[in-house]
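Participant: Below are the structure tokens for one structure; questions will follow.
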Ligand code: CP
């Protein structure tokens, strides 16, 4: 593995499968009465989150604690960032305290690459702007493989606000690398220019996009990143692209419904679909801990770290 995990492009197919296989073993640790192993004892991991997070920050912290790392969360809202300190200065000061890894979430695309250049610590990208969210794509792949026993050849349809989504960009890279047939669907204003070059099929007709799908992955409408009118109204968006039971019925009978969270119920997904029998949304969250344990363990050197 490379020093840092900034993008799915940092991983070969074999490394992705190694992470998924290692995640199986890590999940078993979470099912024990005492959910802790000494694997990363003596390692220090800093979680540096400049953007809000529920799932990613919590699951990284649980993963770090289950591996016995010394972990701390920098609360940006009470740090010297509020006094104007730059990302690089903040990182250099944290680096001076010699952590082994920094888990970074930041609103700017490429923030992890900036830290990677100035830090000896290993950098894990926990979401950078509209660029990538590699551990989300890995936990999504783990969840898909658990249900379908494979990824190659599956029709995976990703629907929603494609333009602003780092989850889309990491999933497209990972799923096409592993041979899935990836379709994307959303309003033309929310489809990134040139997305076809990543080997995906684009359809503005969601009924066509979900027909025969093995996996439907819904993406959140990211109003906080919209500076203008991308959609006429949330109601019209739901009517045209929202995932309803009628649309789910067009997919394969054993389709799974995914969403990285947080969800806008009644905007991109109906509540009876989000909570229904095909939904694996909370399984994705649970799997996030095991997958992040695997990433931390492998980046630390795997068996050689012990
Ligand atoms: N999926 C995801 O990144 O969720 P959070 O923003 O809550 O971490």
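The values are calculated or read from the model by the stated rules, or taken from the named source; none is laboratory data. Because the structure is a prediction, the values reported are computed rather than measured. Quick reminder, even Gly has a Cβ in these numbers, built from the backbone with ideal geometry, and neighbours come from all protein chains shown.
Participant: Which condition from (1) away from the ligand (no atom under 16 Å from the Cβ); (2) in contact (Cβ under 8 Å) with a residue 24 or more places away in the chain; (3) surrounded by 13 or more Cβ atoms within 10 Å (Cβ to Cβ) is the one that residue 50 breaks?
Facilitator: (1)
Participant: Spot the failing condition for residue 64; the list is (1) part of a helix (DSSP H, G or I); (2) modelled with pLDDT under 95; (3) within 16 Å of the ligand (Cβ to nearest atom), and only one is missed.
Facilitator: Of everything listed in (1) part of a helix (DSSP H, G or I); (2) modelled with pLDDT under 95; (3) within 16 Å of the ligand (Cβ to nearest atom), residue 64 misses just condition (2).
Participant: Just to verify a result, which residue in the range 67-97, among those that are touching a strand residue (DSSP E or B) at 6+ places or on another chain (Cβ under 7 Å) and not in a helix (DSSP H, G or I), is nearest to the ligand (Cβ to nearest atom)?
Facilitator: The residue in question is 73.
Participant: To continue, here is another question. For the range 19-40, state whether one or more residues are more than 13 Å from the ligand (Cβ to nearest atom), buried (at least 18 other Cβ atoms within 10 Å of the Cβ), in contact (Cβ under 8 Å) with a residue 24 or more places away in the chain and part of a loop (DSSP other than H, G, I, E, B).
Facilitator: Yes, there is a match, as at least one residue in the range 19-40 is more than 13 Å from the ligand (Cβ to nearest atom), buried (at least 18 other Cβ atoms within 10 Å of the Cβ), in contact (Cβ under 8 Å) with a residue 24 or more places away in the chain and part of a loop (DSSP other than H, G, I, E, B).
Participant: Going through the range 159-194 one residue at a time, which ones are in a strand (DSSP E or B) and over 12 Å from residue 217 (Cβ atoms)? Let's see the steps before the verdict.
Facilitator: Here is the first cut: in the range 159-194, the residues in a strand (DSSP E or B) are 159, 181-185.
Within the range 159-194, 181 is the sole residue that qualifies.
Participant: Does residue 263 count as within 20 Å of the chain's Cα centre (by Cα) and surrounded by 19 or more Cβ atoms within 10 Å (Cβ to Cβ)? Before you say what the answer is, go through the steps one by one.
Facilitator: Working: within 20 Å of the chain's Cα centre (by Cα): yes; surrounded by 19 or more Cβ atoms within 10 Å (Cβ to Cβ): no.
So residue 263 fails the test.
Participant: For residues that are in a loop (DSSP other than H, G, I, E, B) and within 20 Å of the chain's Cα centre (by Cα), scanning just the range 98-135, find the one that is farthest from the ligand (Cβ to nearest atom).
Facilitator: Of the residues in the range 98-135, the ones in a loop (DSSP other than H, G, I, E, B) are 98-100, 107-110, 119-121, 129-131, 133.
If we keep only those that are within 20 Å of the chain's Cα centre (by Cα) too, we end up with 107-110, 129-131, 133.
Values: 107: 12, 108: 16, 109: 15, 110: 18, 129: 13, 130: 13, 131: 13, 133: 6 Å.
Per the criteria, the residue is 110.
Participant: While we're here: Consider residue 222 against the criteria (1) closer than 30 Å to residue 15 by Cα; (2) at pLDDT below 95: it satisfies all of them except one. Which criterion is unmet?
Facilitator: (1)
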